[in-house]
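These notes are about the structure you will find just below.
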């Protein structure tokens, strides 16, 4: 069996998330379907680096594909993209050893969230328009409280795949770029809905309705309040999945430049 590393980009607007589900259109389901056609019904195994929620996008999702083939890489890449819908694209494919695992070998994930400061005709599917003026400096100070290893149970829905709710957050960076507020969060891994709830709480801090003490309280003991503040999926992108020795671009740039 050969194993390949796929880097995938997709617009998640039309999909019920990454993971295969019965009676639902998912990104993983489309990729597996395309691979089965390319390899003529041979057994294929496709494992992602992690799940993205319904409506969440990716610029650099990673999956490993396992299949018995000697087909050239560029032919595999071409044939898969020819079969995939317009909003899913295999950006690259490369051979890896059988020790490489898209999920377990990953050491960091990078997420980017886009907030629009004004109404925009083009931003609905890729950003969250927040009508209130947000105090970005307050948000930056609050974001620093997430750094380090904390129990993020207040920020996540229960998931049987999560053996622990402790997560290491390397950085939370917030930058104003034109009419956008960009929030980039880098961590070891992320729990279900965790990033969207972190963003939702930070927006409430920017509105002046929450403060740093609230965040510290959520990290110290479980609370259901962040669930009510979950940011919409449209503004969230899985930007990059990092493996040993890899780094990400330190400059924070928007997906939608308005």
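The values are calculated or read from the model by the stated rules, or taken from the named source; none is laboratory data. Treat the numbers as computed from the prediction; the structure is a model and nothing was measured. No Cβ is skipped: glycine too gets one built from the backbone with ideal geometry, and neighbour counts run over all protein chains shown.
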Of these, 137, 173, 161, which one is surrounded by fewer than 18 Cβ atoms within 10 Å (Cβ to Cβ) and either at pLDDT below 95 or not assigned by TED's automatic domain parsing to the domain that holds residue 226 (or both)?
161
Assess whether residue 61 counts as being at pLDDT below 95, within 25 Å of residue 157 (Cβ to Cβ) and touching a helix residue (DSSP H, G or I) at 6+ places or on another chain (Cβ under 8 Å).
no
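Please verify whether residue 96 is under 30 Å from residue 2 (Cβ atoms) and touching a residue at least 40 places away in the same chain (Cβ under 8 Å), treating the condition exactly as stated.
Numbers: under 30 Å from residue 2 (Cβ atoms): yes; touching a residue at least 40 places away in the same chain (Cβ under 8 Å): yes.
The answer is yes for residue 96.
Condition (residue is in a loop (DSSP other than H, G, I, E, B), exposed (fewer than 14 other Cβ atoms within 10 Å of the Cβ), within 20 Å of the chain's Cα centre (by Cα) and not assigned by TED's automatic domain parsing to the domain that holds residue 231) applied to the stretch 70-77: is it met by at least one residue?
Residues of the stretch 70-77 that are in a loop (DSSP other than H, G, I, E, B), as a first pass: 70-72.
Now narrow it down to the ones that are exposed (fewer than 14 other Cβ atoms within 10 Å of the Cβ): 70-72.
Checking the rest, the ones that are also within 20 Å of the chain's Cα centre (by Cα) come to none.
Within the stretch 70-77, not a single residue is in a loop (DSSP other than H, G, I, E, B), exposed (fewer than 14 other Cβ atoms within 10 Å of the Cβ), within 20 Å of the chain's Cα centre (by Cα) and not assigned by TED's automatic domain parsing to the domain that holds residue 231.
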Scanning the stretch 20-43 residue by residue, those touching a helix residue (DSSP H, G or I) at 6+ places or on another chain (Cβ under 8 Å), closer than 30 Å to residue 187 by Cβ and at pLDDT 95 or above turn out to be 25, 27, 31, 35
Of all residues being without any contact (Cβ under 8 Å) to a residue 60 or more places away in the chain and farther than 19 Å from residue 188 by Cβ in the stretch 44-62, which is nearest to the chain's Cα centre (by Cα)? Just the residue, please.
46
Mind listing whichever residues of the stretch 16-41 are in contact with a strand residue (DSSP E or B) (Cβ under 6 Å, 6 or more places away or on another chain) and part of a loop (DSSP other than H, G, I, E, B)?
18, 39
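Here are some residues: 157, 144, 132. Which one is within 17 Å of residue 218 (Cα to Cα) and in a loop (DSSP other than H, G, I, E, B)?
Details: 144 fails: in a loop (DSSP other than H, G, I, E, B); 132 fails: within 17 Å of residue 218 (Cα to Cα).
So the residue among 157, 144, 132 that is within 17 Å of residue 218 (Cα to Cα) and in a loop (DSSP other than H, G, I, E, B) is 157.
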Select from the stretch 237-248 the residues that are within 16 Å of the chain's Cα centre (by Cα) and within 11 Å of residue 110 (Cα to Cα) and list them in ascending order.
237, 238, 239, 240, 241, 242, 248
Does the stretch 80-96 include one or more residues that are crowded, with 20+ Cβ neighbours inside 10 Å, more than 16 Å from the chain's Cα centre (by Cα) and assigned to a helix (DSSP H, G or I)?
yes
